[in-house]
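Visitor: Dropping a structure here in structure tokens format, bear with me for questions.
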């Protein structure tokens, strides 16, 4: 989906855990996530800490959207 | 009768009879003898080989630390001094396919023995590992177990006997992109003209030189000012309004839906749930923001870090979903987003 959106000219960042799959399927901007069942959270952490972690990942994704790249890139 | 060959078989937690998604983080372990599909493989091998051990690893455990999982599994397998390793078959199970492919590749490289696995052609493990390992083409589900096992055993026998391996269409494995020289009966000129004639008559022909398909997409230009953009969210993690009103399938999704979040500050477990059939949804159900980070994006919107969060999110399930469906979803969503002036998208996947 990330590849098709970019093909259509829509700037896209993919947050996912299994980075090799995302790369193979042609996502351009990739942000590695935490785990498969909770990509943007960590149930082992207290709620407040978990939200800080989630925000950091989303901010990383936003950084990816600001970054000029020539080729696929894992942030 | 020569001595039976020793085989180690790799399975995930499900086929290894440890458990379902709740056991997907199971660390590598071993059990003596064949288990589950291994019994069928053993039956087909007969006296030729013996499955001395089954190694099992949870799908999440493997996919979340591919290198670490291999480092644990390989010594485990090596300790049995096997002549051959079988993995799966994984059918269309993505994480399992990645695990089978990654393991087979390392077995061949590090232990210098043959390894065979089996997958459905759309399994992501195929694109990643088909060049480095033998992957028998299977159906998308366990309905193709027997056929897959027969082909895997036939190829495994050939590999262990050290005989020459025929082309993919003959042996049933997925093309590895290897060319072999051979003496053809007719010259190139005759073969080319024959092909051309077939083509002109509208009949089928097989090219001798398939063109590689390069399907990379040039990265889209980044945004300059985040505080002026409209940002949309898509998730393949199966987060939907509770009760799944549009009945998005938990596996092999045929549709996506967009849901209004204009008045939503964060996703609550009362109003949203995960319907993805490929991971244990308990953590996502308890707090759906763990998959679809609306809470944080609202914060960033309030603080003016991003301009605006698009008032809808798009939901589908990325579990055995066909590539053609995923492509269609994305094309339709792209049209929608362009019409609504969306500048950028975050996709989250489980």
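Laboratory data are not the source of any read-out in this text; all were calculated from the coordinates shown. Keep in mind the model is a prediction, meaning the values are calculated, not measured. In this analysis, Cβ positions are derived from the backbone assuming ideal geometry, glycine residues included, and neighbour counts consider all displayed protein chains.
Visitor: Using a 10 Å cut-off on Cβ to Cβ distances, tally the other chain neighbours for every residue of B:215-228 and report the average as a whole number.
Guide: Details: counts 4, 7, 13, 6, 13, 12, 4, 10, 5, 1, 1, 5, 0, 0.
If you average over the peptide's residues, the count of other-chain Cβ atoms is 6.
Visitor: Comparing B:185, B:171, B:21, which has the greatest mean-square fluctuation in the GNM of chain B with Cα pairs linked when under 10 Å apart?
Guide: B:185
Visitor: I'd like to compare A:62-70, B:173-181, B:312-320: which one has the highest average count of other Cβ atoms within 10 Å, and what's the full order after that? Don't skip to the answer; put the middle values down first.
Guide: Values: A:62-70: 15.6, B:173-181: 12.6, B:312-320: 23.8.
Result, highest mean Cβ count within 10 Å first: B:312-320, A:62-70, B:173-181.
Visitor: Turning to a different aspect of this structure: Using Cα springs under 10 Å in a Gaussian network model of chain B, which residue among B:202, B:304, B:243 shows the largest mean-square fluctuation?
Guide: Maximum fluctuation in the GNM of chain B, among the listed residues, is at B:202.
Visitor: When averaged across all projection directions, what area in nm² does the alpha-carbon convex hull of the protein assembly as shown cover? Intermediate values should be presented prior to the final figure.
Guide: Working: hull surface 96.3 nm².
Spelled out: convex hull of the Cα atoms, projected over all directions, averaged, 24.1 nm².
Visitor: Given chain B, what percent of its DSSP beta bridges are antiparallel, to the nearest 5?
Guide: 30
Visitor: Okay, next question. Can you give the relative contact order of chain A as a percent, counting alpha carbon pairs under 8 Å and 6+ residues apart? If you can, show how the numbers build up before the last one.
Guide: Numbers: 100 pairs, mean separation 23.8, N = 75.
Relative contact order, chain A: 32 percent.
Visitor: Sum -39500 (n - 2.57) across every DSSP H segment of at least 4 residues in the protein assembly as shown, then divide by the residue count to get the 222 nm mean residue ellipticity, nearest 500.
Guide: Working: 14 runs with 144 residues, N = 425.
My calculation for the protein assembly as shown gives -10000 deg cm²/dmol from helical runs alone.
Visitor: Still on this structure: Based on the inverse mean of 1/r over its pairs of different Cα atoms, what is the Kirkwood hydrodynamic radius of segment B:181-235, in Å?
Guide: Values: mean 1/r = 0.0597 Å⁻¹.
One decimal place: 16.8 Å for the Kirkwood radius.
Visitor: Could you tell me whether chain B comes out rounded, prolate or oblate from its Cα gyration tensor? Rule is a ≥ b ≥ c as square roots of the eigenvalues, rounded for a/c under 1.5, then prolate if a/b exceeds b/c, otherwise oblate.
Guide: On the way: a/c = 2.54, a/b = 1.45, b/c = 1.75.
Note, shape of chain B comes out oblate.
Visitor: Using a ≥ b ≥ c from the Cα gyration tensor of segment B:226-348 (square roots of the eigenvalues), is it rounded, prolate or oblate, where a/c under 1.5 gives rounded and otherwise the larger of a/b and b/c decides, a/b for prolate?
Guide: Taking the square roots of the gyration eigenvalues as a ≥ b ≥ c, segment B:226-348 is oblate.
Visitor: Next question, about the same structure. Averaged over A:38-50, how many beta carbons belonging to a partner chain fall within 10 Å of each residue's beta carbon? Walk me through the numbers before you get to the answer.
Guide: Numbers: counts 13, 11, 14, 9, 2, 6, 1, 0, 0, 1, 0, 0, 3.
For peptide A:38-50, the averaged partner shielding equals 5.
Visitor: Assuming a ≥ b ≥ c are the square roots of the Cα gyration tensor eigenvalues, decide whether segment B:5-171 counts as rounded (a/c under 1.5), prolate (otherwise, with a/b larger than b/c) or oblate.
Guide: Values: a/c = 1.33, a/b = 1.19, b/c = 1.12.
Here segment B:5-171 falls in the rounded category.
Visitor: Taking only Cα atoms and a 10 Å spring cutoff, compute GNM fluctuations for chain B and point out the largest among B:77, B:113, B:264.
Guide: The residue that fluctuates most here is B:264.
Visitor: Rounded to the nearest 5, what % of DSSP beta bridges with both residues in segment B:203-350 are antiparallel?
Guide: Numbers: 8 of 18 bridges.
Around 45 percent of the beta bridges assigned by DSSP in segment B:203-350 are antiparallel ones.
Visitor: Let me ask something else. Rounded to the nearest 0.05, what FRET efficiency is calculated for residue B:65 and residue A:42 with R0 set to 22 Å and r the Cβ-Cβ distance?
Guide: Efficiency for this residue pair is about 0.90.
Visitor: Another question, if that's okay. Using a 10 Å cut-off on Cβ to Cβ distances, tally the other chain neighbours for every residue of B:34-45 and report the average as a whole number. Could you put the intermediate results ahead of the total?
Guide: Values: counts 0, 0, 0, 0, 0, 0, 0, 0, 0, 0, 0, 0.
The per-residue average across the peptide is 0.
Visitor: Explain nothing, just the number: relative contact order of chain B, from Cα pairs under 8 Å at least 6 residues apart, as a whole percent.
Guide: Details: 643 pairs, mean separation 48.1, N = 350.
It comes to 14 percent, rounded to a whole number.
Visitor: Sticking with this structure for a sec: Which residues does a label at residue B:109 reach in segment A:18-39, if reach means a backbone N under 15 Å from a point 7 Å past the Cα toward the Cβ?
Guide: In segment A:18-39, the label zone of residue B:109 (backbone N under 15 Å from the point 7 Å along Cα→Cβ) covers A:20.
Visitor: Would you mind calculating the relative contact order of segment B:5-171 from Cα pairs under 8 angstrom and at least 6 residues apart, reporting the percent as a whole number?
Guide: About 21 percent, as a whole number.
Visitor: So if each residue of separation counts as 0.36 nm, and I subtract the Cα-Cα distance between residue B:339 and residue B:32, what length gain in nm does that give? Before the final figure, lay out the partial values.
Guide: On the way: separation 307, 0.36 × 307 = 110.52 nm, distance 5.94 nm.
Net length gain for the segment: 104.6 nm.
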